[in-house]
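The values are calculated or read from the model by the stated rules, or taken from the named source; none is laboratory data. Here the structure is a predicted model, which means the values were calculated and not measured. Neighbour counts are summed over all protein chains in view; Cβ atoms, including those assigned to glycine, are modelled from backbone coordinates with ideal geometry. Calculation scope for accessible area: heavy atoms of the full protein, side chains included, ligands and nucleic acids excluded. Shrake-Rupley method; radii C 1.70, N 1.55, O 1.52, S 1.80 Å.
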Amino acid sequence: ELQAALAAEDKETKAKEDAKLKSEVAREIMRRERESGEKLTDEQRREILDECRRNAAKLDAASTDEQQRQAEALKRRLELRQKKERESTRKSLADMNAETKRQLEEQQRKVSVLSEKLSI
């Protein structure tokens, strides 16, 4: 079910990308025909299509690179936050350990004092 939903989403995304590419190609063909004042040949149209595909691939790669940079930055921030939390926890545990040790020593002194009083 999940795979079917993902496949449908991928298909929809691909269809949107194809429509966007076709629209871009059509705009570029119209622009060039207006500039030259004559119809473009099929070969020229294919060249424009290839050019638009290359541009789309470059944009997709740049977007992917940016997403990777953002993900890496997020990962670094998360790791830093986790490190700070570990250090804070470690310090809290050390403080609790020191307090427990102090209390134990105090109890041992009291036991020692009581033992002396009992033996007298």
So what J values fall out for region 71-82 if you push phi through Karplus, 6.51 cos²θ - 1.76 cosθ + 1.60 with θ = phi - 60°, rounded to Hz, Gly and Pro as x? 5, 5, 5, 4, 4, 4, 5, 5, 4, 5, 4, 5
Taking only Cα atoms and a 10 Å spring cutoff, compute GNM fluctuations for the chain and point out the largest among K16, K83, K101. K101
Gaussian network model of the chain, Cα springs within a sub-10 Å range: biggest mean-square fluctuation belongs to which of A26, A15, A62? A15
So I have (i) -0.83, -1.05, -1.08, -1.11; (ii) -0.59, -1.09, -1.20, -1.29; (iii) -0.50, -0.95, -1.06, -1.17, and one of them is log10 I(q)/I(0) by the Debye sum over Cα atoms at q = 0.13, 0.18, 0.19, 0.20 Å⁻¹ calculated from this model. Which one is it? (i)
What angle, in degrees between 0 and 90 and rounded to the nearest 10, separates the Cα long axis of helix 2-36 from the longest principal axis of the Cα atoms of the chain? 40
Run the quick spin-label model on T41 and K75: label points 7 Å from Cα toward the beta carbon, then report their separation in nm to one decimal. 5.0
Run the accessible area of region 15-120 with a 1.4 Å probe and give the carbon-and-sulfur part as a rounded percent. 53
Please count, across the chain, the pairs of lysine residues with Cα atoms under 22 Å apart that sit 8 or more places apart or on different chains. 14
Gaussian network model of the chain, Cα springs within a sub-10 Å range: biggest mean-square fluctuation belongs to which of E43, E105, E87? E105
